[in-house]
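Everything below concerns the one structure shown next.
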Amino acid sequence: MSPNLQSSFWERMGLEKSHGEDCLRAVEELYPGKLVEEFEYQGYCSFTFRVSELDYTTVHHSKGGRDPSVGFGSEPRTPDAVVVQIRPTQHQLDLQTVHAASRTYGTFVPKTRNLDHILPARLLAFELDMMLGIPFSRCQPSTTILRPSTWSKQVSLVQSFASFMSRAWPSVSNPTCIPRNSRADSPVAELPTLLSECTGRVGANIIPKLNKLARHLPDAALRNRAAEVRDKILELQDYPVVLNHGDLIPSNVLVHAETWQITGVVDWAEAEWLPFGSCLYGLEHLLGYLDRPESYVAGFGCTTWRYFSNAPGLRDMFWARLYNECPGLKERKDDVALARDLGVLLWYGYAWDEGAIDRVVNEADDTAEVECLKTFLRMSGSGKENEASFGP
């Protein structure tokens, strides 16, 4: 789980403010005659500039300013508008993976290219298409009882999320599974076929990671669940391994500000080939929210997961749409549920720790992650069992 943005990108990466100024000048050199400005929405592992036409931006602002209903960055998209992301090498975008994401998820993924330009401190620059929408984190409700007028937006949100997820389910016209690319004599080939196809940083270590969780998670029920998922994953056969987004949280999901229909998903730096449904933890973030006390920022207080009062109905709508768009999926619903639980354990069972993701979470330092684990896995977290039906 990515941490909150409590410091600047340059500080987090051990860089100087002058490095940011150097990068700004470099981007201006790459796009002469364009307006280059700091992007409104920033991620944890990158710094983003918006590049647009000088004349268009000047005229647009003079006619009343920004329209929050359209445009990634609250601006209408123009033919020449792009964003440029500055990333350190440890958080660079793998273009092969990003292009695979585009093939799988289509227009939900921004087209991306590497900008071959010398930057300070071995930083890298990538150009991405401007996407319509704003991060869902900017309009995500923070109360369990919502106004009736919000219902249609929530329906649009979960149904468009189902459409996004359905893009990865393989069919005759949409073969999204990874081709086998490991040598027959490689160590990973000794694993069951499904696991041998999971070759990323997380995927290649699924069983060791689950073993570690089964030993060190801070709750006996959680440890037992990790062991149970491990045993079932080892038995799983003939199930699609597809490209899963690696951090499917509200800040990476773009929506239309008025309708909440999903318009795009950004930040594919941690995407991996994993069993279909491994990123279904993202659905929970559309059905509820983490309630953090003011003292949480200072390192005190506990975090509570709260579901919206209408979460069960929205969850049913999500699954109905997903089943309708994915032929044969309903017959594999138990396997989908297993993949979902696998994703919950892998993404919330390990602390971010500046990208190290090798330390098992504990209740003293990682209250939000432990709360998500208990609630999403139905282990008596604060999000009560009767507030949502979890099954597919």
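Does any residue of segment 287-306 turn out to be assigned by TED's automatic domain parsing to the domain that holds K232 and closer than 22 Å to Y105 by Cβ?
Checked against the condition, which is being assigned by TED's automatic domain parsing to the domain that holds K232 and closer than 22 Å to Y105 by Cβ, segment 287-306 yields at least one hit.
Of the numbered conditions (1) under 14 Å from the mean Cα position of the chain (by Cα); (2) under 28 Å from A214 (Cα atoms); (3) among the polar types (S, T, N, Q), N252 fails exactly one; give the number of that condition.
Here N252 meets the rest and fails (2).
If we scan segment 110-128, do we find a residue that is at pLDDT 95 or above and touching a Gly at 6+ places or on another chain (Cβ under 7 Å)?
Yes, segment 110-128 contains at least one residue that is at pLDDT 95 or above and touching a Gly at 6+ places or on another chain (Cβ under 7 Å).
Please specify each residue of segment 126-153 satisfying the condition of being in a loop (DSSP other than H, G, I, E, B) and either farther than 30 Å from Q96 by Cβ or touching a Lys or Arg at 6+ places or on another chain (Cβ under 8 Å) (or both).
Passing the criteria: M130, M131, L132, C139, Q140, P141, S142, T143, T144, I145, L146, R147.
Of the residues that sit in segment 154-175 and are in a loop (DSSP other than H, G, I, E, B) and either of a type in the set (D, E, K, R) or modelled with pLDDT of 95 or more (or both), which one is nearest to D238 (Cα to Cα)?
Here the answer is W169.
Here are the criteria: (1) buried (at least 19 other Cβ atoms within 10 Å of the Cβ); (2) farther than 17 Å from V83 by Cα. Tell me which single one P141 does not satisfy.
Only one criterion is unmet by P141, namely (1).
With respect to the numbered conditions (1) without any contact (Cβ under 8 Å) to a residue 40 or more places away in the chain; (2) out of contact with any strand residue (DSSP E or B) (no Cβ under 9 Å at 6 or more places or on another chain), which one is the sole condition not fulfilled by L248?
All conditions are met except number (2).
The values are calculated or read from the model by the stated rules, or taken from the named source; none is laboratory data. In this text the structure is predicted, and so the values were computed from the model without any measurement. Here Cβ is always computed from backbone atoms with ideal geometry, including for glycine, and neighbour counts include all displayed protein chains.
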